[in-house]
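These notes concern the structure reproduced below.
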Amino acid sequence: MQVDAEPLGPPPRTQHARDASRTSKASRASTLSTMQKLDLAVETRRRASGPVRPRRARYKDPTGPEDFLQLGIALHEAGHLERATSCFEKSSTISGGCCSGMLLHGLALRHGWGCKVDLPRAFGLFRQAATSHTDGLALAVERFLTPREEGSRIELALALYELAVSYRFGWGVERNKPMAVSYFRLASELGDPDAQQDLDLILAGKVR
């Protein structure tokens with residue numbers, strides 16, 4: 001499967017995405033930031049495991065969940081939203097799936113990128129992604145991390161952040177501000193800058 005070079009275009013914005021614009025001035029820019037973080041997490045783990053195939057080869061012949069994840073990111077950035085979301089779904093399910101694939105499939109379902117919006121299913125994917133790394137939470141905040149562990153820390157922080165956002169706005173789950181604050185705090189402790197900023201704003205009473 002090859003990535004076609006086409007003009008970039010923003011993903012379609014649903015009502016839910018527009019509602020969230022107060023805390024994210026540029027939904028696409030924020031999304032790309034998340035994708036770049038996840039891409040970094042996956043690539044960090046790959047290199048820690050030894051020699052890896054060039055990205056071009058992985059794009060042409062994706063096999064595992066992380067191959068489909070990185071192909072999906074490339075397709076999304078090129079504006080091929082349906083194909084990208086299909087790759088994210090494969091990444092979230094093949095061989096048990098990978099955390100980053102679950103996160104991006106969940107974001108696609110939340111915002112309707114080339115698919116129907118399904119907020120409850122998106123929330124379930126965020127929760128599944130967080131659960132996949134819960135055992136490493138204490139480890140991640142207590143000592144210097146190996147490259148593989150650093151990749152897992154990034155994924156866990158992002159999963160906790162998306163759970164916080166879900167609880168804050170009531171997306172796919174009943175709205176619950178105390179629960180949102182708890183998840184923002186956990187993600188902040190793991191070093192996620194967006195979680196740190198949102199937590200500060202909420203605690204200062206500047207946003208709901």
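The values are calculated or read from the model by the stated rules, or taken from the named source; none is laboratory data. Being a predicted model, the structure only gives us computed values, none of them experimental. Here the Cβ is made from the backbone with ideal geometry for all residues, glycine too, and neighbour counts use every protein chain on show.
Some observations on this one:
The rows are residues; the columns are (1) over 11 Å from the mean Cα position of the chain (by Cα); (2) charged (D, E, K, R); (3) surrounded by 22 or more Cβ atoms within 10 Å (Cβ to Cβ).
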{"residue": "SER100", "(1), (2), (3)": "no, no, yes"}
{"residue": "LEU104", "(1), (2), (3)": "no, no, yes"}
{"residue": "LEU107", "(1), (2), (3)": "no, no, yes"}
{"residue": "TRP113", "(1), (2), (3)": "yes, no, yes"}
{"residue": "ASP118", "(1), (2), (3)": "yes, yes, no"}
{"residue": "ARG121", "(1), (2), (3)": "yes, yes, no"}
{"residue": "PHE126", "(1), (2), (3)": "no, no, yes"}
{"residue": "SER132", "(1), (2), (3)": "yes, no, no"}
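- Selected residue [modelled with pLDDT of 95 or more, crowded, with 17+ Cβ neighbours inside 10 Å, among the charged types (D, E, K, R) and over 15 Å from the mean Cα position of the chain (by Cα)] from ARG168, ARG175: ARG168
- Here ALA17 fits the description: on the phi < 0 side of the Ramachandran plot, modelled with pLDDT under 50 and surrounded by 13 or more Cβ atoms within 10 Å (Cβ to Cβ).
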